[in-house]
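Student: First the structure, which I've put down as structure tokens, then a few questions once you've had a look.
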Amino acid sequence: MKCPFCGHTEDKVIDSRSSNEDKSVRRRRECEQCKKRFTTYEYIEEVPLMVIKKDGRREGFDRNKIISGILKACEKRPVGMEKVEAIVDKVEKELQKNFDKEVKAGVIGECVMENLHKLDEVAYVRFASVYRQFKDINQFMKELKDLLSKRA
């Protein structure tokens, strides 16, 4: 580490602390030459997760798109914003845990549906109808029958 005051490259760490909800480390340092103190921060370098769309295009992961889709599915349902945020947080953590660089959009959709199914069945069916692009009433009815059979 180069001293910001004298440019000397030797220093010692006086104090280290986690900061920003354990996402960074704050270090208080002292220059070996001029004895002045300065603070540095270390962050984990995060590589943005890329989403592979159905048509093969790639775009950066955007949690706001998931929030928007869930909010549409939960319209006029007794689902608070904190529960929507909790689902998105859970989905995002699972993706970060299981995927390094790329994830298919289908994996994200299935993960959202799994969590919506546990939260609100109507919102789940709404989300599934858009996500799975039901072509006719038979596909929709099959999904409803599957849902009802799981409840029994």
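Student: Given the chain, what percent of its DSSP beta bridges are antiparallel, to the nearest 5?
Tutor: 85 percent
Student: Then there's this: Taking amide H positions as placed 1.01 Å from N in the peptide plane, with prolines and chain starts having none, which residues 5 or more places from Lys104, or on another chain, fall under 5 Å of its amide H?
Tutor: Amide H neighbours of Lys104, under 5 Å, 5+ apart: Ile52.
Student: Quick one: Karplus J couplings for segment 51-61, per residue in order, coefficients 6.51, -1.76, 1.60, θ = phi - 60°, nearest Hz, x for Gly and Pro?
Tutor: 9, 8, 6, 4, 8, x, 5, 10, 8, x, 4
Student: Also: For segment 50-151, calculate the relative contact order in percent as a whole number, restricting contacts to Cα pairs under 8 Å that are 6 or more residues apart.
Tutor: 30 percent
Student: What FRET efficiency comes out for the pair Asp55/Glu21, r = Cβ-Cβ distance, R0 = 35 Å, nearest 0.05?
Tutor: Approximately 0.45, to the nearest 0.05.
Student: Per residue of segment 93-104, in order, report the coupling 6.51 cos²θ - 1.76 cosθ + 1.60 (Karplus, θ = phi - 60°) as ³J(HN,Hα) in whole Hz, putting x for Gly and Pro.
Tutor: Coupling constants for segment 93-104: 5, 5, 5, 5, 6, 9, 9, 8, 10, 9, 8, 6 Hz.
Student: Under a plain spin-label model, where a point goes 7 Å from the Cα along Cα-to-Cβ, how far apart in nm are Arg63 and His117?
Tutor: Label-label distance for Arg63 and His117, simple model: 2.4 nm.
Student: Continuing with this model, one more query. By the 4.7 Å beta carbon criterion, which cysteine residues of the chain come out unpaired?
Tutor: Cys74, Cys111
Student: Dividing the alpha-carbon radius of gyration of segment 1-132 by 2.2 N^0.38 Å (N being the number of residues), what value is obtained?
Tutor: Output field value: 1.57.
Student: Tell me, what HN-Hα J-couplings in whole Hz come from the Karplus equation 6.51 cos²θ - 1.76 cosθ + 1.60 at θ = phi - 60° for each residue of segment 120-128, using x for Gly and Pro?
Tutor: These are the phi-based 3J(HN,Hα) values: 7, 5, 5, 4, 4, 5, 4, 5, 4 Hz.
Student: Could you give the dipole magnitude of the chain about its Cα centre, charging the beta-carbon of Lys and Arg +1 and that of Asp and Glu -1, in debye to the nearest 20?
Tutor: Dipole about the Cα centre, nearest 20: 180 debye.
Student: A further question follows. So what's the projected area for segment 58-137, the Cα convex hull averaged over all directions, in nm²?
Tutor: 5.6 nm²
Every number in this text was worked out from the coordinates using simple rules, so none of it is lab data. Note that the structure is predicted; figures quoted are calculated from it, not measured. A quick note on method: Cβ atoms are made from the backbone with ideal geometry, for glycine too, and the neighbour counts reach across all protein chains shown.
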